[in-house]
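K.L.:
Here it is: the structure, laid out below.
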Amino acid sequence: MAAIGWIGLGNMGGPMTANLVKAGHEVRGFDLNPRALATAAANGLIPASSVADAVSGAEVVFTMLPKGEHAIAVYMGEGGVLSSVSPGTLLVDSSTIDVESAQKLHDAAAEAGFRFVDAPVSGGISGAQAGTLTFMIGGEPGAVSDASTFIKPMSANIIPTGGATTGQAAKICNNLMLFINLAGAAEGAVLADRLGLDKQVFWDIASVSSGDSWALRTWYPIAGVVPSSAANTAFAPTFTTELANKDIGLAIAAAQATDTPLEIGEHVQQMFQRVLDAEQGGKDCSIIVKLVDGTLALDQEPEQVPALAQAQVN
Ligand code: NAD
């Protein structure tokens, strides 16, 4: 049993910590959102009052935060992880962030005398709940191997990707493909309906044919076909459009830096932008199906999009 510190208990961090608790670890966690903290506490997490309170005395610290700016604030800000952990603590950032921020965290951790790995995940909240996430881990081999021991109860696949920031590079490319696949599943689904196909019959075909993808099997954006689809719950978020837009933006920025044309990726980013413009950024990203069936503008009441938590430490 290990003492684990955890910052960021949202859609992913909540169920991930529940699996660490089930595996017998003592997990002390913090989130700026009291509701997220209370939900995690109901699953056995020990609620902390601040980042420093969550991480002091921990053998390993995990962070699962929205963006690079949040990760930088939580590690490097006043009262942050680097100024609060005990000597020898292993640091693992599982957020999906840009490569530059990840490099900054590697550098700052090394300067403060800590081992750090970038370890983003794939598998969605269904994978987080089931403990079947794929972790891609960049960093020094000894730290990657030690991090893997703690990661086991949350994962089905642990794949070392190479040196610092390569985990983030792999994740950014993976998610570019995911969101293009999601847009493809949305277009196929709506066209199948308009051609008079039964939604279940079409899904049964596509899921064992060349139209198959993780997006089709897990996020199929038509209600009543796939149990894990957000379409069943009026697009309550499992992966917000705001975060999806962030991820595809990371791919586009990386593509610009490497002179790589991403014509389809850029188009899908514009689709997410239209959802944000309709003030639906807090809804699940599979809501882009409404751009295909034409109902986004018609039936969505503008909502208060919950602003991503401030990039502060607390
Ligand atoms: P989320 O918005 O549900 O959760 C993030 C949590 O971080 C929130 O509860 C927020 O309050 C908290 N937070 C922000 N700043 C904080 C701070 N300074 N101190 C403490 N807590 C703070 O997001 P999520 O869906 O859990 O995603 C987390 C990360 O994982 C993102 O980088 C996302 O891109 C990535 N990811 C998400 C999925 C998914 O399906 N949702 C899958 C793979 C990876």
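K.L.:
Looking at region 216-228, I want the residues that are closer than 12 Å to residue 189 by Cα and have a partner that is of a type in the set (Asp, Glu) and at pLDDT 95 or above with Cβ atoms under 9 Å, at least 6 apart or on another chain. Which pairs are those?
P.N.:
That search, which allows pairs on different chains as well, returns 219/284; 221/284; 222/193.
K.L.:
Same structure, new question: For residue 116, indicate whether it is touching a Phe, Trp or Tyr at 6+ places or on another chain (Cβ under 7 Å) and in contact (Cβ under 8 Å) with a residue 12 or more places away in the chain. Please lay out each step first, then the result.
P.N.:
Working: touching a Phe, Trp or Tyr at 6+ places or on another chain (Cβ under 7 Å): no; in contact (Cβ under 8 Å) with a residue 12 or more places away in the chain: yes.
In short, no.
K.L.:
Also: If I ask for residues that are in a loop (DSSP other than H, G, I, E, B) and near the ligand (Cβ under 9 Å from one of its atoms), which ones from region 1-44 would you list? Talk me through it step by step, then tell me what you get.
P.N.:
Residues of region 1-44 in a loop (DSSP other than H, G, I, E, B): 1-2, 8-12, 23-25, 31-33, 43-44.
Scanning region 1-44 gives 8, 9, 10, 11, 12, 31, 32, 33.
K.L.:
Would you pick out the residues in region 94-115 that are within 14 Å of the ligand (Cβ to nearest atom) and either of a type in the set (S, T, N, Q) or in contact with a His (Cβ under 8 Å, 6 or more places away or on another chain) (or both)? Spell out the reasoning first.
P.N.:
Quick first cut of region 94-115, residues within 14 Å of the ligand (Cβ to nearest atom) only: 94-99, 101-102, 105.
94, 95, 96, 101 - these are the residues of region 94-115 that are within 14 Å of the ligand (Cβ to nearest atom) and either of a type in the set (S, T, N, Q) or in contact with a His (Cβ under 8 Å, 6 or more places away or on another chain) (or both).
K.L.:
Further question on the same structure: Name every residue in region 235-249 that is more than 13 Å from the chain's Cα centre (by Cα) and touching a residue at least 24 places away in the same chain (Cβ under 8 Å), in order of residue number. Show your work before the answer.
P.N.:
Filtering region 235-249 for residues more than 13 Å from the chain's Cα centre (by Cα) gives 235-236, 249.
Within region 235-249, 235, 236 qualify.
K.L.:
Report whether or not residue 72 is near the ligand (Cβ under 9 Å from one of its atoms), modelled with pLDDT of 95 or more, among the hydrophobic types (A, V, I, L, M, F, W, C) and under 21 Å from the mean Cα position of the chain (by Cα). It would help to see each step written out before you state the result.
P.N.:
Numbers: near the ligand (Cβ under 9 Å from one of its atoms): no; modelled with pLDDT of 95 or more: yes; among the hydrophobic types (A, V, I, L, M, F, W, C): yes; under 21 Å from the mean Cα position of the chain (by Cα): yes.
No; evaluated as a whole, the condition is false for this residue.
K.L.:
If you go through region 184-215, how many residues are within 16 Å of the ligand (Cβ to nearest atom) and either outside any helix (DSSP H, G or I) or surrounded by 18 or more Cβ atoms within 10 Å (Cβ to Cβ) (or both)? Steps first, please.
P.N.:
Filtering region 184-215 down to residues within 16 Å of the ligand (Cβ to nearest atom) leaves 185, 213-215.
Pick out the ones that are also either outside any helix (DSSP H, G or I) or surrounded by 18 or more Cβ atoms within 10 Å (Cβ to Cβ) (or both) and you get 185, 213, 215.
Adding up the residues that qualify gives 3.
K.L.:
So, one more: Test of understanding: among 251, 231, 255, 297, which residue is modelled with pLDDT under 95 and part of a helix (DSSP H, G or I)?
P.N.:
On the way: 251 fails: modelled with pLDDT under 95; 231 fails: modelled with pLDDT under 95; 255 fails: modelled with pLDDT under 95.
Checking each option against the conditions leaves just 297.
K.L.:
Residues of region 45-69 being under 21 Å from the mean Cα position of the chain (by Cα), polar (S, T, N, Q) and more than 11 Å from the ligand (Cβ to nearest atom), which ones?
P.N.:
none
Here's the yes/no breakdown for (1) under 28 Å from residue 23 (Cβ atoms); (2) surrounded by 20 or more Cβ atoms within 10 Å (Cβ to Cβ):
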site	(1), (2)
162	yes, no
167	yes, yes
174	yes, no
182	no, yes
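K.L.:
Would you be able to tell me the number of residues in region 49-66 that are outside any helix (DSSP H, G or I) and surrounded by fewer than 21 Cβ atoms within 10 Å (Cβ to Cβ)? If you could, list the steps in order and put the result at the bottom.
P.N.:
Kept after step one, since they are outside any helix (DSSP H, G or I), are these residues of region 49-66: 49-50, 56-66.
Now drop any that are not surrounded by fewer than 21 Cβ atoms within 10 Å (Cβ to Cβ), which leaves 49-50, 56-57, 59, 66.
Matching residues across region 49-66 total 6.
K.L.:
It is to be established whether one or more residues within region 116-137 are more than 15 Å from the ligand (Cβ to nearest atom) and in contact with a strand residue (DSSP E or B) (Cβ under 7 Å, 6 or more places away or on another chain). Show your work before the answer.
P.N.:
So the first thing to find is which residues in region 116-137 are more than 15 Å from the ligand (Cβ to nearest atom), and the list is 116-117.
Now narrow it down to the ones that are in contact with a strand residue (DSSP E or B) (Cβ under 7 Å, 6 or more places away or on another chain): 116-117.
Yes, because at least one residue in region 116-137 is more than 15 Å from the ligand (Cβ to nearest atom) and in contact with a strand residue (DSSP E or B) (Cβ under 7 Å, 6 or more places away or on another chain).
K.L.:
Something else now. For a quick check of your reading of the model, give me the residue pairs whose first member lies in region 1-16 and is modelled with pLDDT of 95 or more, whose second is surrounded by 24 or more Cβ atoms within 10 Å (Cβ to Cβ) and among the acidic types (Asp, Glu), with beta-carbon atoms closer than 6 Å and at least 6 apart or on different chains.
P.N.:
9/31
The values are calculated or read from the model by the stated rules, or taken from the named source; none is laboratory data. Keep in mind the model is a prediction, meaning the values are calculated, not measured. When we count neighbours, we look across all protein chains shown, and the Cβ atoms used for this are built from the backbone with ideal geometry, even at glycine.
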